[in-house]
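Colleague: Below is a structure I'd like to ask you about.
The values are calculated or read from the model by the stated rules, or taken from the named source; none is laboratory data. Source: prediction; values computed, not measured. We place every Cβ from the backbone using ideal geometry, glycine too, and count neighbours over all the protein chains shown.
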Amino acid sequence: MLTKRIIPCLDVKDGRVVKGIQFVSLRDAGDPVELAAFYDQEGADELVFLDISASHEGRETIVDVVQAVAGSLAIPFTVGGGINSLADMKKILRAGADKVSLNTAAVLRPDLINEGSEYFGAQCIVVAIDARYDEELGSWRVYTHGGRKPTEWEVIDWAKEAVSRGAGEILLTSMDCDGEKQGFNIALTKAVSEAVSVPVIASGGAGNAEHFQVAFEEGKADAALAASIFHYKETSVKEVKAFLKQQGVVVR
Amino acid sequence: MIGIVDYGMGNLFSVSKGLERLGADSFISDDPKELSKSKGIILPGVGSFRDAMSLLEKQKLDKFLREHVADGGYLLGICLGMQLLFDESEENGPAKGLSLIPGKVVRFKGVDANDQVYKVPHMGWNRLEFKHASPVNEGLEEEHVYFVHSYYVDTDESFITASATYDVEVPAIVGKGNVFGMQFHPEKSGKMGMSLLRNYLSLVEGKERA
């Protein structure tokens, strides 16, 4: 039976791991290669690296990070942030990443999803969606540029569009819940997971092990991602998995 | 010395890195002449079956692989590389494969017997169930390995060393004589994946000594 995946996320800026609370304040939480090896040992099923470097020089460092991580890690990892072209995808995947995650660039030019998927296969292409509830829309709205810019897209419509263009997985972040540690956005996760045929990774809001259980059982997530609670050792991947196992959720 | 086939379709880097972690020598090449120096070939690959076959044919690698196997050399296909070992695939219209193991490649239906929709691709960690003894699973316990695929192989039970359950019984490790295939990614499957690769290496090393 296919297991539910626990995915620590490492936000990387200029080669170092940081985590923003609601995308604003950043704290330094360590070295990417060391953290990757640590999470592999802990039983993480996969890792995500999001490059949030603002400068061109900063973004160049991600390729070195990818190469170093790929050399030591025996589990899959995804890289996102600042990937704007097929050439960027090639650079990251050839450096040893298993998947690339597209966000703003895919919204600005949706053909990028088709291009990546046709070239590398859908299994390499993750579309990341930053979602915030919108009263006016009566649903969730897609945001880009690290959550700063609202778009015209409603989240479920965009998720379906992305999958029809060749996305192999959706990484769904609730901006409303991110950094709050009150649990994943279950309504959002369930709505998207039931609307698309590909796996959905729930992200934003993990505060304890039970939150993961709810994301899987009620939110219908295939995987769940968290950062700060793991980085600051508020809980561990090992503890979360032990809890899930006890609750009857199938994990590795 | 493991020869990794480079035909422009796949994450060669992670396979060679995986072998490097095991302390094995390997080289990557698209040249049949170079590859023919190796007793153990790995055929990696992700992407479309049809594209992969036409690239192999263009570089005469299909012919090389058939000859390599006929001469008693070992071959391990990984992911799409495993699917290419079979007769044909229904991906993007029927396409012929290498026909080294009988069987065909079909798509997950995405709907189970009770009309319940399930996710395709089959992506993530699934548990191996051993069906037959083989040199590649020798001394190993049934463990989880990492899968990412939308198509699976429909083949005779006698060729299935291990399977995983995802709606149907998915052939995970296949083998026929000196030809092996792994539908999952051993290079991304933690300790279990490394052990499986090590078993394949031991086979090849035995052949090199002989």
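Colleague: Taking only pairs six or more apart or across chains, which ones have beta-carbon atoms under 9 Å, a first residue in the range B:109-135 that is over 17 Å from A:Val198 (Cα atoms) and modelled with pLDDT of 95 or more, and a second residue that is in a loop (DSSP other than H, G, I, E, B) and among the hydroxyl-bearing types (Ser, Thr, Tyr)?
Modeller: Correct list of pairs: B:Arg127/A:Thr3.
Colleague: Given the options B:Lys207, B:Lys191, name the one that is free of Cβ contacts under 8 Å to residues at least 60 places away in the same chain, of a type in the set (D, E, K, R) and either surrounded by fewer than 16 Cβ atoms within 10 Å (Cβ to Cβ) or in a strand (DSSP E or B) (or both).
Modeller: Working: B:Lys207 fails: free of Cβ contacts under 8 Å to residues at least 60 places away in the same chain.
After ruling out the rest, the residue left standing is B:Lys191.
Colleague: Another question, if that's okay. Could you give every pair whose Cβ atoms fall below 8 Å, whose first residue belongs to the range B:63-86 and is within 17 Å of B:Leu35 (Cα to Cα), and whose second residue is hydroxyl-bearing (Ser, Thr, Tyr) and assigned to a helix (DSSP H, G or I), counting only separations of at least 6 or pairs across chains?
Modeller: Correct list of pairs: B:Tyr74/B:Tyr200; B:Leu76/B:Tyr200.
Colleague: Being over 18 Å from B:Phe49 (Cα atoms) and in contact (Cβ under 8 Å) with a residue 40 or more places away in the chain is the filter here, so list the residues in the range B:5-37 that pass it.
Modeller: B:Ser14, B:Val15, B:Lys17, B:Gly18, B:Leu19, B:Arg21, B:Leu22, B:Ala24
Colleague: Being of a type in the set (Lys, Arg) and crowded, with 17+ Cβ neighbours inside 10 Å: is that true of B:Lys176 here? Walk me through it before giving the result.
Modeller: On the way: of a type in the set (Lys, Arg): yes; crowded, with 17+ Cβ neighbours inside 10 Å: yes.
So B:Lys176 passes the test.
Colleague: Please list, ordered by residue number, the strands (runs of 3 or more DSSP E) wholly in the range A:149-214 having 2 or more residues that are surrounded by 24 or more Cβ atoms within 10 Å (Cβ to Cβ). Show your work before the answer.
Modeller: On the way: elements: A:149-154, A:169-174, A:200-203.
In the range A:149-214, A:169-174, A:200-203 are the strands (runs of 3 or more DSSP E) which contain 2 or more residues that are surrounded by 24 or more Cβ atoms within 10 Å (Cβ to Cβ).
Colleague: Another question about this same structure. I want to confirm something. Restricting to the range A:34-53 and keeping residues that are free of Cβ contacts under 8 Å to residues at least 40 places away in the same chain and surrounded by fewer than 19 Cβ atoms within 10 Å (Cβ to Cβ), which single residue is farthest from the other protein chains (Cβ to nearest Cβ)?
Modeller: Going through the qualifying residues, I end up with A:Glu34.
Colleague: Let me ask you something else. Kindly list the number of the only condition in (1) surrounded by fewer than 20 Cβ atoms within 10 Å (Cβ to Cβ); (2) under 22 Å from A:Phe184 (Cβ atoms); (3) in contact with a Lys or Arg (Cβ under 9 Å, 6 or more places away or on another chain) that fails for A:Ser139.
Modeller: (3)
Colleague: Looking only at residues that are free of Cβ contacts under 8 Å to residues at least 40 places away in the same chain and away from chain B (no Cβ under 14 Å) in the range A:103-133, which one is nearest to B:Gly45 (Cα to Cα)? Break it down stepwise before answering.
Modeller: Of all residues in the range A:103-133, those free of Cβ contacts under 8 Å to residues at least 40 places away in the same chain come to A:105, A:108-109, A:112, A:115, A:119-120.
Retained after the next criterion (residues that are away from chain B (no Cβ under 14 Å)): A:105, A:108-109, A:112.
Values: A:Ala105: 27, A:Leu108: 30, A:Arg109: 28, A:Leu112: 22 Å.
Only one residue tops the list, namely A:Leu112.
Colleague: OK, next. Pairs under 8 Å by beta carbon, first residue at the interface with chain B (Cβ under 9 Å from one of its Cβ atoms) in the range A:64-76, partner among the β-branched types (Val, Ile, Thr), six or more apart or different chains?
Modeller: Every condition considered, the pairs that remain are A:Ser72/A:Val33; A:Pro76/B:Val148.
Colleague: If you don't mind, another one. Restricting to the range B:168-203, what's the tally of residues that are in contact with a Cys (Cβ under 7 Å, 6 or more places away or on another chain) and more than 11 Å from chain A (Cβ to nearest Cβ)?
Modeller: We begin by selecting, within the range B:168-203, every residue in contact with a Cys (Cβ under 7 Å, 6 or more places away or on another chain); these are B:183, B:185.
Subset that is more than 11 Å from chain A (Cβ to nearest Cβ): B:183.
Summing the residues that are in contact with a Cys (Cβ under 7 Å, 6 or more places away or on another chain) and more than 11 Å from chain A (Cβ to nearest Cβ) in the range B:168-203 gives 1.
Colleague: Just to confirm my filter: which helices (runs of 4 or more DSSP H) fall fully inside the range B:1-109 and include at least 1 residues that are closer than 18 Å to B:Met182 by Cβ? Steps first, please.
Modeller: Numbers: elements: B:12-21, B:32-35, B:49-58, B:61-70, B:80-83.
Fully inside the range B:1-109 and qualifying: B:12-21, B:49-58, B:61-70, B:80-83.
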